[in-house]
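Report on the structure given below.
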Amino acid sequence: MTFLKLGIFAVLAVVGAIAIAVFVTRASLPDYGELQSSPNGQMIRVHAADGTVIVSLGPSYGEWIPYNRIPHSMIDAMVAVEDRRYYMHIGVDPIGIARSGWVRVQRGHWAQGGSTITQQIARNIFLTNTRTFGRKFREMILAMAMERKFSKEQILELYLNRVYFGGGAYGIDAASRRFFGHPADRLSLEEAAIVAGLVKAPSNYSPTADAQAAIARARIVIETMRESGKITAEQAAKADPASVKLAPEPKQNSVRYFTDWALAQLDELIDETSEPIDVWTTLDLSMQRAADAAIRANTPGNAQAALVSLDRDGAVRAMVGGKDYVSSIYNRATQAQRQPGSAFKLFVYLAALEAGVKPEDAVVDEPVTIDGWSPRNSNGKFAGPIDIRTAFAFSINTVAAKLGLQVGFPTIADMARRFGITTPVDTHPSMVLGTSDVRLLDMTRAFAAVNNKGIAVVPFGIVKVTGPKNSVLYEHEVDDSRVLVAPWVTAQMTDLLQTAVNTGTGRAAQIGRPVAGKTGTTSSNKDGWFLGFSSGLTTGVWMGRDDARRVPGLAGGRAPAEAFRDFMVKAVAKRPVEQFDTEVTLPDYQLEPDDEARQDPRHPRPHAEPEGRHGDGGHRPRGPGDEGRQGRVQSRESRHRACAGRQGVIRAREAQGEHHRDHRVPREGAAL
């Protein structure tokens, strides 16, 4: 009898101790609102321009779904498969514990858990997964305390919004969006069964990792629901988990070049936060696909490639940093520094035009030596008398050297820096041929500024950043206040760039609408470039090897220009055709005396008409000496220069190794 009394006393003492522990724990539990808003780890969702989620980083929590919005099938499925006696126990299920212990005795190891839904959420929020009796005891105390403080509905709501379902998804809304592409309040019976089946082993039953295992597990959940009376036999028979359509897996290839570049800027845009954020970007998915296809189709097999495309406001619409992100995360569009070759002549001619040089000015392609440096064209020939437009179109190296000497090499370096080149630019004479290393993004930015009539273009990838409840943490504002050169300079530069595509080294970049651009090829064919713009979109392409070894046959007017063409044909297909503004209104101090005398201020001089259609389907400015060119009242001397220009085109083609009727891509002067 004494032993019985002692036993009863001991039991009462244990129960009392447990009750006290539960009471004390209940008092220390956070309020329900705190439990709702305390996720572990930050989630970042990155959206494309159309709102599509392209990358999710960190744990994903989705939207908090209140109990009254959770589908009944989701609640029933979870209770049936995880805790059948949920509505009957006090947080701990003695029957479940006994069953788990019996299985342990039979099999010799723990094969079946006895934790209730309340215990699971207590462990999820407050404890770790360490398998010790001490942790299990604390878990039970916490579960009973939670049952005393919160209702069954609140605990279920907490559980369904916080439990881990695999794939980085915490909570049913994140899981529903991750696997099915829609919010959790639209879950069907079959989808709810798949989600409920994940809790046991998220990695084993993930529908994206093993669809058949997920379907088989879902069928077990449906049968369990039938056995527990949650659904009828007819409903169970009709349910077909195999018919569920899974959301497509987000592609983790070239888009990651863009997201890696854009997300690195977050620290400068917003204050540090641990809350989930949504990053809304400029990336156009259709253009990104077109960029991928263009790079894959045109890059030589032993070379790498990069492409970046900017809208007129600087928004990055597409970015490819290499042929395959999985094999190489090195972003050649933003990180690689390579010699641009003749593409650097953009800055040479901008400096010359700003100094008063005109596209019709006569110049001679002839041997020249500057401080012991003697540039030559790729085949060693010289075209003789030509004009500036022809020299640029055929990328004549000697003329670029002469212009550099005329305007000053430091002036050209300053022009490059003014247009956004952030890498060091040397001032040796050979710099006019692109011997200073540059980044593709910087070069594309410079061409975009020409397209933007001389107003600076700053590339950006993030439009806005939002936090909880769509609060705006950052919103991009375009700054168009910085003018780099006068509009008449970029109008003349666009004239030259357009001619390079229509009749010069960039003919492979023609797309059936006005295009202006420039090729670039370095010595020994180590690098090939093409940069240009059309219909408000500026695109740069680079190709070469990471080890800077020679790529046989690589030239800016070939593979890079062809990749540009393949991309731009698709990228601008839905944009209106835009004629280039190459009309030039020079300041008064640039007017020649006879021109100035002929101009009546009451009757302004007529501007150039839009370019006519070219026979091959492209658009080009009228050639040197065309009688139809308007916008310039030519003096007798200028007409003589134009005649020399016509002959210069023929000589330039011959000097570059092609007959004037041969439509092969002409070779440009190599940077030697």
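The values are calculated or read from the model by the stated rules, or taken from the named source; none is laboratory data. Keep in mind that this is a model prediction, so the values were computed, not measured. Note: ideal-geometry Cβ built from the backbone for every residue, glycine included; neighbour counts use all protein chains shown. Protein only, heavy atoms only, side chains kept; ligands, DNA and RNA dropped before computing areas. Shrake-Rupley method; radii C 1.70, N 1.55, O 1.52, S 1.80 Å.
Checked against the criterion of being under 15 Å from residue 520 (Cβ atoms), crowded, with 19+ Cβ neighbours inside 10 Å and in contact with a Lys or Arg (Cβ under 7 Å, 6 or more places away or on another chain), the range 452-474 has no qualifying residue. Tally up the residues in the range 447-473 that are more than 20 Å from residue 579 (Cα to Cα) and outside any loop (DSSP other than H, G, I, E, B), please. Selection size over the range 447-473: 11. Residue check: residue 351 meets all listed conditions (1) closer than 23 Å to residue 504 by Cα; (2) among the hydrophobic types (A, V, I, L, M, F, W, C); (3) at pLDDT below 95 but one, namely (3). The set of residues in the range 316-334 that are at pLDDT 95 or above and of a type in the set (S, T, N, Q) comprises 331, 334.
Which residue, of 584, 577, is at pLDDT 95 or above and part of a loop (DSSP other than H, G, I, E, B)?
577
Picking from residues in the range 172-200 that are of a type in the set (Gly, Ala, Ser) and open to solvent by 20 Å² or more (accessible area, probe 1.4 Å), the one that is nearest to residue 56 (Cα to Cα) is 181. Summed over the range 365-375, the residues that are of a type outside the set (A, V, I, L, M, F, W, C) and surrounded by 15 or more Cβ atoms within 10 Å (Cβ to Cβ) give a count of 2. Residues that are open to solvent by 40 Å² or more (accessible area, probe 1.4 Å) and under 21 Å from residue 211 (Cβ atoms) were ranked within the range 149-171; the one that is modelled with the highest pLDDT is 164. Once the range 379-412 is narrowed to residues that are surrounded by fewer than 24 Cβ atoms within 10 Å (Cβ to Cβ) and basic (Lys, Arg), the residue that is nearest to residue 350 (Cα to Cα) is 402. Scan the range 500-532 for residues that are open to solvent by less than 10 Å² (accessible area, probe 1.4 Å) and of a type in the set (Ser, Thr, Tyr) and the total you get is 3.
Looking only at residues of the range 103-129 that are at pLDDT 65 or above and open to solvent by 60 Å² or more (accessible area, probe 1.4 Å), we find that the one that is nearest to residue 159 (Cα to Cα) is 126. Selection over the range 1-35 of residues that are closer than 16 Å to residue 92 by Cβ, modelled with pLDDT under 75 and either in contact with a Pro (Cβ under 9 Å, 6 or more places away or on another chain) or open to solvent by less than 50 Å² (accessible area, probe 1.4 Å) (or both) gives a count of 0. Within the range 59-70, is there a residue that is open to solvent by 70 Å² or more (accessible area, probe 1.4 Å) and assigned to a helix (DSSP H, G or I)? There is at least one residue in the range 59-70 that is open to solvent by 70 Å² or more (accessible area, probe 1.4 Å) and assigned to a helix (DSSP H, G or I). The residues on offer are 573, 516, and the sole one that is among the small types (Gly, Ala, Ser) and in contact (Cβ under 8 Å) with a residue 24 or more places away in the chain is 516.
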